[in-house]
Each structure stands twice: as structure tokens, then as C-alpha cells.
Amino acid sequence: MKNAFLGLALCFSATLSAQPDATVTIHPEQGKQIIPKEIYGQFAEHLGTCIYGGLWVGEDSPIPNINGYRKDVFGALKELKVPVLRWPGGCFADEYHWMDGIGPKENRPRMVNNNWGGTVEDNSFGTHEFLNLCEMLGCEPYISGNVGSGTVEEMAKWVEYMTSEAGSPMADLRRKNGREKPWKVKYFGVGNESWGCGGSMRPEYYSDLYRRYSTYCRNYDGNVLFKIASGASDYDYNWTEVLMRNVGHRMDGVSLHYYTVAGWTGSKGSATKFTDDDYYWTLGKCREIEDVLKRHIAIMDKYDPKKQIALMVDEWGTWWDEEPGTVKGHLYQQNTMRDAFVASLSLDIFHKYTDRVKMTNIAQIANVLHSMILTKDDKMVLTPTYHVFKMYNVHQDATYLPLDLNCERKIVRDDRILPMLSATASRDKDGKIHVSLSNVDLEDEQEVAVKLDGVQGKSVSGSILTSDNIDDYNTFENPGTVAPKEFKGAKLTKDGLTVKLPARSIVTLEIK
């Protein structure tokens, strides 16, 4: 294992044998910022089998369904407490014409999904199907509007169709199609990746388009849109600079996309076959999002010191090569414990910046990239990342508790410094403190002293996600290879806890 590291270990805590391997000091009295539940947002694009076969099979399918939605997937998403769902893309959004997806299904025109494999879709999943699903799940819809190939009129009429109650032509058309009352639609994206698949635009040009298109995205009958501009790809700080300068407070939020990916050309590497060195490099790349956030936030602070414009990381996650034997362009990849760690470390970072970051959306919800769920015919399997999101949903709408972390750090490939421990903490409305800890070390258990800075716990319980191998994953034949279990390795002390954290493990603790 030691050859997985390209440098000498660095340790920032004393290494006396009687001392713990790591110390987490939580400051409950400093908790001020709420972790918005939208940090746990999801993303469903018309890509591969994310929609068709993942979420939707139609009312006449032999696969058990609720009004066309897969029953097994719907139940799993209810358990996950999905707070917000983004749709219809992604790159697909800027080729999607919403009127093709309304009215009787037998009359809807077919379309070619040019971005993702040239798949022909029948438009049976459209505006009604998406917004009704959000209502059933109890989550906020996040609509991505078409700027790349759509018109201002088209976007304006879509907003009116969804949200107007008056006797307007679009409201009457909605009623004709079976929906009497308008839906509540809060989040509306004005284009997606306008620098790339959404139109290959310059930021100056997109800024002018945003100002024009967003003007006609009106608020109807008490529905207030939260308008989100198409923001930067990871390190494109100039894009954020131009939008903040040229658009400013005409937008409520600006997006940011960041993928943990080995490279955009050639092979991105296998989702399931990787070395220890690859694993540590991946986590180092994942953690780099913190520096990216800081730089974008600094630009936003210059123009918006009161932090009125939100930063929305509405695409993030791992991106590996498609699984062998799957359809090219459908981006189907397996999901191992490595992906689970990318999820836990990313969420730990997002929690720290929620004074500016108000939403994130992992890509994607089913069968695509860093997904929660995999389906095949009538079978469904929950991924390790699903289990992380479920273990972490106790942090939704809880008060973030700042903490200090002292642990071993090691230099990995490309001179990235990787802490062997990650942590986050929050206090819910009932006063319970939840602490999530990730031991990324592949070999060594860590004894962690968790100090609660004056708070005395009366009981502690927890769950753990781990596996024998870092490349373990769940299959349709063996769906329980990686699954959470009860954790009994935490003990109360006079000033907090001691936690024996196994190698390759993610733990969430509840302290009462």
C-alpha cells in the first residue's frame, strides 16, 4: 500500500502512542448557518436509461408502476428524501422543445437525442410527467429552459403553461391536457452549459441572452421564479466574472459544474478496475472542488458582498468510462465504494460554504454517471452512493456546526495533499447532533477523538458503510455487497466521543 503514495506522510498532530490518530473538535456554539436541504439535490436528464427505464416505464408496462413511474424506484427515492430534482438536462435541455412533450401520448412526436447516442425517444415523459412526479415525491422541481435552440417566446410560454392560473391561452391548454391547477415551480434555469453543448457561447454574448430571456420568464399568480444563469465549468473563473459584472442581480443564482474525472480526452478510467494509486488520486481531485468553490465565491463576493446571488453546483460527481457492453453515449457506469467516498467528501465540503452555495445536484439519479440507482428490466439495485445520501440526509435543513480536524495527511499523485479523515457535523431542530466521518485510508483503522466543546452527550448510535475492498459494488445478482450496518464503535467520554473507525469506512453518528 505504501507505494500508492508518491511522497512522505505529513502529520499535523502529535504522534504519541497514547493519543488518538485524529481529533475532531466540534464547536456547537458557533453554529449559525443552515445546511439547505437542496444541497442534496438530484439531476435527471434524458440520457441513456435515466428517464426511460429508470424513472419511467409507462402505465402499460409489466414492470410494477405507479401511474407509469417505476414502483421500486419511486419507493427508494421517497426513502432518500429527495429535496429538488433537475430536468430535462443537461445538454438535452437546449434541444428540448417542451410542446412536443404535452397532450395525448399517442400524438406526441418522436425525437432523436442528438447529444446522447442518437436514441429515438417518444416524448411520453414530458412536463406533466415530471412535475407530477415531483409533487408525488414532495420535492421542488428545477426546470432547465432551452436557450441554445429555443426562442424567447417558447420559454415564456412554458413558464406560463406551468404556473399561470388565469384564463390565458397557455393555462387553458394545460387544462385541456388534464391539469386544472398550475404547479408550483420555484427553480428555473435559463439555459445549460451555454459555453459548450448549450450553444458554444462567449460569456459576454450569453450574458446579453440571459438578460433578454429571463425578462420574459414572468411570475404568475403567486409563483415566484428563482432564476438561475448558466454558469461556469470548474476552472473557468472568467465566465463567473463576466456574468457577475454584466448580469448581476438580474439572476438569483448562477450554476457551476465540477466532475471528478481523470481527463476529458481518451479514457477516463474504469469505474470498477483501478489501482490504490488511482483511488487516492480520485479523492484528491474530488477535494479540489473546495479550492474551485473558494475562487468562484471570491469573484461573487466582489460584486455581491451581501451574498444575495446563490452559487448552485447543479452538476457534480464522478465520470468514468462507460461499462463494457453498454450503449455508447448512454454513460452507464457502475458505482463502487470509491464513488461513495467522493460523495461523502463532496458533501462535507458543500456544508462549509452554504452561505453562498444553496443547491447542488449530483449527476445523475438513475443509470447514468454517479447514480443513486441502477435498473435492468424489472430489477433495481441501490448503489453505495445512494446509501451515503441516505445516511447523510439527517443533515438536511440542520444547523452546520464548524469543526477543527487534525489528522494524518499524505501526498498523493500530482502532489495533492489528501487528509486521511473527512468530517462534518450538524444539529437538527430537536437538538440532536449528527457527525459524519470518512476514513479514506485503505489499510489502517483510525481512532478518532470527537470533542463536543462543552456539550455532554447522553447516548450515541450510528450506521457504517464499508466493504472488504474499495472496488466492491452492488449487482443485480448481489445487491447487498455494499450496504449500511449498525455501528457500535463509538463511546461517550466526558468531553465527547472516541470512535474506532475501520479502514475504508463512512460513519454517521447521532448524539442525543
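Can you say whether Asp278 is among the charged types (D, E, K, R) and either more than 26 Å from Thr240 (Cβ to Cβ) or assigned by TED's automatic domain parsing to the domain that holds His434 (or both), as far as the supplied structure shows? In short, yes.
Contact map, the stretch 310-326: residues that are over 25 Å from Ile297 (Cα atoms) paired with residues that are at pLDDT 95 or above and assigned to a strand (DSSP E or B), Cβ distance under 7 Å, separation 6+ or inter-chain. No pairs are found.
For (1) out of contact with any His (no Cβ under 6 Å at 6 or more places or on another chain); (2) within 22 Å of His351 (Cα to Cα); (3) polar (S, T, N, Q), each residue gets a yes or a no:
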{"site": "Ser438", "(1), (2), (3)": "yes, yes, yes"}
{"site": "Gly462", "(1), (2), (3)": "yes, yes, no"}
{"site": "Asp468", "(1), (2), (3)": "yes, no, no"}
{"site": "Asn474", "(1), (2), (3)": "yes, no, yes"}
{"site": "Pro479", "(1), (2), (3)": "yes, no, no"}
{"site": "Phe487", "(1), (2), (3)": "yes, no, no"}
{"site": "Leu492", "(1), (2), (3)": "yes, no, no"}
{"site": "Thr498", "(1), (2), (3)": "yes, no, yes"}
{"site": "Pro502", "(1), (2), (3)": "yes, no, no"}
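Can we say Gly189 is assigned by TED's automatic domain parsing to the domain that holds Asn361, in contact (Cβ under 8 Å) with a residue 12 or more places away in the chain, in contact with a His (Cβ under 8 Å, 6 or more places away or on another chain) and not in a helix (DSSP H, G or I)? In short, no. When each of Thr475, Thr493 is tested for being in contact with a strand residue (DSSP E or B) (Cβ under 9 Å, 6 or more places away or on another chain) and touching a residue at least 60 places away in the same chain (Cβ under 8 Å), the lone residue that passes is Thr475. Across the stretch 273-313, the number of residues qualifying as surrounded by 17 or more Cβ atoms within 10 Å (Cβ to Cβ) and of a type in the set (Ser, Thr, Tyr) comes to 3. Within the span defined as the stretch 126-134, every residue fails to be buried (at least 21 other Cβ atoms within 10 Å of the Cβ), more than 18 Å from Asn177 (Cβ to Cβ) and assigned by TED's automatic domain parsing to the domain that holds Ser255.
Can Glu59 be described as under 23 Å from Met372 (Cα atoms) and either in a loop (DSSP other than H, G, I, E, B) or hydroxyl-bearing (Ser, Thr, Tyr) (or both)? No. In the set Lys81, Lys32, only one residue is touching a residue at least 24 places away in the same chain (Cβ under 8 Å), crowded, with 16+ Cβ neighbours inside 10 Å and charged (D, E, K, R); that residue is Lys81.
Within the bounds of the stretch 334-349, is there any residue that is of a type in the set (Phe, Trp, Tyr) and either farther than 30 Å from Asn246 by Cα or buried (at least 21 other Cβ atoms within 10 Å of the Cβ) (or both)? Yes, some residue in the stretch 334-349 is of a type in the set (Phe, Trp, Tyr) and either farther than 30 Å from Asn246 by Cα or buried (at least 21 other Cβ atoms within 10 Å of the Cβ) (or both). With respect to Arg409, determine if the residue is outside the structural domain of Thr326 (by TED's automatic domain parsing), touching a residue at least 40 places away in the same chain (Cβ under 8 Å) and in contact with a Gly (Cβ under 7 Å, 6 or more places away or on another chain). No, not satisfied. For first residues located in the stretch 102-123 and on the phi > 0 side of the Ramachandran plot, partners that are crowded, with 18+ Cβ neighbours inside 10 Å and aromatic (Phe, Trp, Tyr) and lie 6+ apart or on another chain with Cβ distances below 8 Å do not occur. Within the stretch 344-356, residues that are under 17 Å from Arg504 (Cβ atoms) have Cβ atoms under 7 Å from residues that are among the aliphatic types (A, V, I, L, M) and at pLDDT 95 or above in these pairs: Ser344/Val388; Ser344/Ile506; Leu345/Leu283; Asp348/Ala423, counting only partners at least 6 apart in sequence or on another chain.
Candidates are the residues of the stretch 94-136 that are over 19 Å from Gly148 (Cα atoms) and of a type in the set (Asp, Glu); the one that is nearest to the chain's Cα centre (by Cα) is Glu135. Return yes or no: is Ile362 outside any loop (DSSP other than H, G, I, E, B), assigned by TED's automatic domain parsing to the domain that holds Lys390 and either free of Cβ contacts under 8 Å to residues at least 12 places away in the same chain or surrounded by fewer than 24 Cβ atoms within 10 Å (Cβ to Cβ) (or both)? Considered against the rule, which asks whether it is outside any loop (DSSP other than H, G, I, E, B), assigned by TED's automatic domain parsing to the domain that holds Lys390 and either free of Cβ contacts under 8 Å to residues at least 12 places away in the same chain or surrounded by fewer than 24 Cβ atoms within 10 Å (Cβ to Cβ) (or both), Ile362 comes out as no. Scanning the stretch 254-306 for residues that are part of a helix (DSSP H, G or I), more than 19 Å from Lys352 (Cβ to Cβ) and of a type outside the set (Lys, Arg) yields a total of 8. Just wondering, is there one or more residues in the stretch 24-38 that are over 26 Å from the mean Cα position of the chain (by Cα), at pLDDT 95 or above and in a loop (DSSP other than H, G, I, E, B)? Yes: the stretch 24-38 contains one or more residues that are over 26 Å from the mean Cα position of the chain (by Cα), at pLDDT 95 or above and in a loop (DSSP other than H, G, I, E, B). Looking at Val327, Val368, just one residue is at negative phi and surrounded by fewer than 17 Cβ atoms within 10 Å (Cβ to Cβ), and that residue is Val327.
Checked against (1) surrounded by 16 or more Cβ atoms within 10 Å (Cβ to Cβ); (2) at positive phi, Thr481 passes all but condition (2). Residues that are farther than 14 Å from Val440 by Cβ, surrounded by fewer than 21 Cβ atoms within 10 Å (Cβ to Cβ) and at pLDDT 95 or above were ranked within the stretch 404-427; the one that is farthest from the chain's Cα centre (by Cα) is Asn406. Among the conditions (1) within 24 Å of Leu209 (Cα to Cα); (2) surrounded by fewer than 20 Cβ atoms within 10 Å (Cβ to Cβ), Val185 misses just one, which is (2). Across the stretch 244-269, the qualifying residues are those that are within 21 Å of the chain's Cα centre (by Cα) and either more than 30 Å from Lys306 (Cβ to Cβ) or loosely packed, with under 15 Cβ neighbours inside 10 Å (or both), and the one among them that is modelled with the lowest pLDDT is Trp264. Among the residues making up the stretch 455-464, those that are aliphatic (A, V, I, L, M) and either under 12 Å from Thr336 (Cβ atoms) or out of contact with any helix residue (DSSP H, G or I) (no Cβ under 6 Å at 6 or more places or on another chain) (or both) are Val460, Ile464.
The values are calculated or read from the model by the stated rules, or taken from the named source; none is laboratory data. Here the structure is a predicted model, which means the values were calculated and not measured. A quick note on method: Cβ atoms are made from the backbone with ideal geometry, for glycine too, and the neighbour counts reach across all protein chains shown.
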